[in-house]
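The values are calculated or read from the model by the stated rules, or taken from the named source; none is laboratory data. These numbers come from a predicted model, not from an experiment. Because the Cβ atoms are built from the backbone with ideal geometry, glycine has one as well, and the counts that use them run over all protein chains shown.
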Amino acid sequence: MLRGMLVLAAAVALSPVTAAAQDYDPNLLGTFSIIARDPATGELGMGVQSKAFAAGNRAMHAKGGVAVIAHQASANPMYGAIGLELLQAGYTPQEALDQMVASDQGRNQRQVSILDIQGRSAAWTGSGANDWKGHRCGVNYCAQGNILVGPETVDALARSFESSRGPLAERLLDALDAAQAAGGDARGMQSGAILVVAPRVGGGFSDRVVDIRVDDHDEPLKELRRVLNMYRSGQIIGEANQKLQAGDMNGALQTAIAARDKSPENDNAWVALANVQLRMGQKANALTSLRRAVELNPGAKRQLPRNQNFESIREDLEFRRIVGP
């Protein structure tokens, strides 16, 4: 009964498109993207870049431990919502995609790919999507795009992912960079996003490992890299604090420096470094770090005097100069 209800829901929800893809509607998700799986961590993720506003808000669906789904060209988010329901009901990616495509009168304008937690994949590129269009699925990934300069964009996505190592988010972003270097979206650049999910993240209350987006920017991938580095910097700060609490002062110092170097514009990283430096008796260095934190974020002047980590220098003249009256 559940299978029948889901198929009926798909038939109702996947309505025909109202405009031809050839019209180059700026809201159409002419784009390139990659969905991928890291079997070592159980993570699933997607990276996307498009000459369309906020592609990350519309092109991706994922659920930790289940699947990741890309839906673009004339994107319909119901492919993501219904696709996840079908997969959780026991459909394979190919069965789920076949059911949705068969129920969709606008199928020829769609581009959809699915990758599940077992590494099984399925992809569809409709004949009505704008050229160049196509997809390529390999072990633990599917790469796809439309309104591209040519097949070299999708090939670059695939080659980059196949040859890369490291955290899934960085591998996805590296693949996007490679695809853009190969030509990318024929219309240019505007938005990008990285999404990585896994079961039971954040104490079991979320499945989001990384969820960052750039909705409108001249260089969205460069900006996406900056945002990802700032996110990683925050994670490294947490590691530095753990080492500090464990009494590993040298380890805490090196980790705090790594957090600062990962994102030099992250004022929190400078504050974390100052805390370690002060604990190690490096008062002058700590004050220098605090000065930089305030330069980056004048609002820190208000918070630093209240920070218990700097209680020992609250009356220090140089500290008072940094935070103001």
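Would you be able to say whether some residue in the range 254-269 is of a type in the set (A, V, I, L, M, F, W, C) and either farther than 30 Å from LEU168 by Cβ or at pLDDT below 95 (or both)? I'd like the intermediate steps shown before the answer.
Of all residues in the range 254-269, those of a type in the set (A, V, I, L, M, F, W, C) come to 256-259, 269.
Right, trim to either farther than 30 Å from LEU168 by Cβ or at pLDDT below 95 (or both) and you get none.
Within the range 254-269 (the criterion being of a type in the set (A, V, I, L, M, F, W, C) and either farther than 30 Å from LEU168 by Cβ or at pLDDT below 95 (or both)), the answer is no, since none of the residues qualifies.
Applying the condition of being in a loop (DSSP other than H, G, I, E, B), among the small types (Gly, Ala, Ser) and surrounded by fewer than 20 Cβ atoms within 10 Å (Cβ to Cβ) to the range 158-198 and asking which residue is modelled with the lowest pLDDT yields ALA186. When GLY56, GLY45 are screened for being surrounded by 24 or more Cβ atoms within 10 Å (Cβ to Cβ), in the same structural domain as CYS142 (by TED's automatic domain parsing) and either part of a loop (DSSP other than H, G, I, E, B) or modelled with pLDDT under 90 (or both), only GLY56 passes.
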